[in-house]
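The values are calculated or read from the model by the stated rules, or taken from the named source; none is laboratory data. Source: prediction; values computed, not measured. Positions of Cβ are generated from backbone atoms using ideal geometry, with glycine treated the same way; all protein chains shown enter the neighbour counts. Quick note on the areas: whole protein, heavy atoms, side chains included, nothing else; ligands and nucleic acids left out. Shrake-Rupley method; radii C 1.70, N 1.55, O 1.52, S 1.80 Å.
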Amino acid sequence: QVQLVESGGGLVQAGGSLRLSCAASGINFSIYAMTWYRQAPGKQRELVAGISSSSTTNYGDSAKGRFTISRDNAKDTLYLQMNSLKPEDTAVYYCNAGRQFNFPAQYREYWGQGTQVTVSS
């Protein structure tokens, strides 16, 4: 059974920092691309940051310069270090694992349950 379990969310003041974690089990974590998404109330889910199996990273515009995504394949864990938090960063943050398999051709994707981040002004 595949599980992605996020943790590290909470309430923080503007300008503060949080570190989110996503612990994976039931998959070969190292071969999956991992992504953090977030969804604020009344808004669409948006990409925050992604990291490939070879640790190439990409960031959404809102995260550039403030957030850092990383992975520890030995611990099957994904991280998101969030600095200089703003009230507009308030959202539920979700962890996603995805990989395209070729034989058979199949895209496998898994989601965590999310962790709430609330930034007060």
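Okay, here's what the table says:
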| item | result |
| --- | --- |
| Share of carbon and sulfur in the accessible heavy-atom surface of the chain [1.4 Å probe, %] | 46 percent |
| Assigned charges on the beta-carbon of Lys, Arg, Asp, Glu; the chain dipole about Cα centre (debye) | 80 debye |
| Solvent-accessible area per residue for the range 21-121 (1.4 angstrom probe, square angstrom) | 52 Å² |
| ARG108-ARG45 pseudo-label distance in nm [points 7 Å out on the Cα-to-Cβ vector] | 1.9 nm |
| Rg over Rh, two decimals, the range 21-93 (C-alpha only, Kirkwood Rh) | 0.98 |
| THR77, THR90, reordered so the largest accessible area comes first (probe 1.4 Å) | THR90, THR77 |
